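Okay, so here's the structure we're looking at.
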2 protein chains.
Amino acid sequence: MSDSSPGVADLLGVLAYAELTAFLRLAEDAACHAPTLADRAALGELAAAEYAHFRLLRERLASLGVDPEEAMEPFVGPLDGWHGQTAPADWLEALVKAYVGTGIAFDFYREAAAHLDDETRRLVEEVLADEGRSQFAVERVGAAIKEDPRQAGRLALWARRMVGEALSQAQQVAAARPELAALLVSGEDIARMFTRLTEAHNRRMDALGLTPGP
Amino acid sequence: MSDSSPGVADLLGVLAYAELTAFLRLAEDAACHAPTLADRAALGELAAAEYAHFRLLRERLASLGVDPEEAMEPFVGPLDGWHGQTAPADWLEALVKAYVGTGIAFDFYREAAAHLDDETRRLVEEVLADEGRSQFAVERVGAAIKEDPRQAGRLALWARRMVGEALSQAQQVAAARPELAALLVSGEDIARMFTRLTEAHNRRMDALGLTPGP
């Protein structure tokens, strides 16, 4: 598939806006909810990494001759909608969002990138690589649940709500951008892809100490 | 003056927290107030640069054997207080804050750093260097005032209020941290320092097209 494949600008555009807005929302959560300076700096670190990824994607769009803002524009509504529906009420919700919500969104983008040209795919894999940055979220949530096991139930519900909202927004995006949706499903067993996404999600829930709901 | 000078940890601590919190607040302003994607990305770029500076300062504190969180802790109250009193109500207020408010705060830190050992002073100058990043704020505010000259009055008042709040918080910090205050005034004509700070502030106001008030 060549660089001029119609879905490429869409994928880089949605990913660029996802990184830009993740950066801003994580920073906001760090400012509003972090209980200690160390926590604030740790979530800030995650936020700043997203910004660096946004820059790489914007440069790639520009190098393909695509206006980065035009490429991002169609996805502002759905992604802002998702963040609006999943604004964390406290620090633990913010951590679960940073780890589970970002995790499942990035899995989707990774699946879509699997069918692209090598250079684009390498870039997408680079910006989606976590490199252990979100490990602190796993540790903090694990410690909080160990201290107060009653937290697990509400956080598991919270994670499920985030996934539900993500699927709902993804459906809207797929309907509006058929070429992007085609990237996700091209020559692929859809059921197997959903199995992979679900397994990855369950691994993250396990890592947090949140048993997947029935 | 040696690294173990008592004001050094205070200066690096206040500056580290100033950068961390500027990063988070600028990101929040970008998320809440930026009217276009390009504006959001531009203020985001400024925010991400502050985070990189925070990391340098935190590393320097650690290399001096100082716990970064302990060094920042005394300044959380005053700096959060300042940001609380100067939360921008719209995009133009956010830009004036990013340029004028950050500008005067950084001038203060630069004055304090002038009396430190070479290595610390170079680091402080590095993290305070603007490198033209805030130029977009000057352009945006200038264009807005050209389009609607009535904006100038309220933005000039807004800038004056930010400076007033900064002086009020600085007095509290100086009273609580005499060694830090001593850095600012050591062997120096205070009147001349205030003249320099005022002149730099007036240059920024001129750059924005905001005539200093009477």
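If you scan region B:27-49, which residues turn out to be within 9 Å of chain A (Cβ to nearest Cβ), part of a helix (DSSP H, G or I) and open to solvent by 10 Å² or more (accessible area, probe 1.4 Å)?
If the condition is that a residue be within 9 Å of chain A (Cβ to nearest Cβ), part of a helix (DSSP H, G or I) and open to solvent by 10 Å² or more (accessible area, probe 1.4 Å), then B:E28, B:A31, B:C32, B:L37, B:A38, B:R40, B:E45, B:A48 are the ones that fit.
Got a sec? Which of A:A112, A:A182 is open to solvent by less than 20 Å² (accessible area, probe 1.4 Å), assigned to a helix (DSSP H, G or I), hydrophobic (A, V, I, L, M, F, W, C) and within 26 Å of A:A62 (Cα to Cα)?
Exactly one residue qualifies, and that residue is A:A112.
Looking only at residues that are open to solvent by 10 Å² or more (accessible area, probe 1.4 Å) and either among the hydroxyl-bearing types (S, T, Y) or modelled with pLDDT under 90 (or both) in region A:1-26, which one is nearest to A:A89 (Cα to Cα)?
This residue is A:P6.
List pairs: first in region B:50-77 and free of Cβ contacts under 8 Å to residues at least 12 places away in the same chain and facing chain A (nearest Cβ under 9 Å), second open to solvent by 20 Å² or more (accessible area, probe 1.4 Å) and of a type in the set (S, T, N, Q), Cβ under 9 Å, 6+ apart or cross-chain?
Qualifying pairs under 9 Å: B:E69/A:T36.
The values are calculated or read from the model by the stated rules, or taken from the named source; none is laboratory data. None of the values given here were measured: they were computed from a predicted structure. As a convention, Cβ positions derive from the backbone with ideal geometry for all residues, glycine included, and neighbour counts pool all protein chains shown. Calculation scope for accessible area: heavy atoms of the full protein, side chains included, ligands and nucleic acids excluded. Shrake-Rupley method; radii C 1.70, N 1.55, O 1.52, S 1.80 Å.
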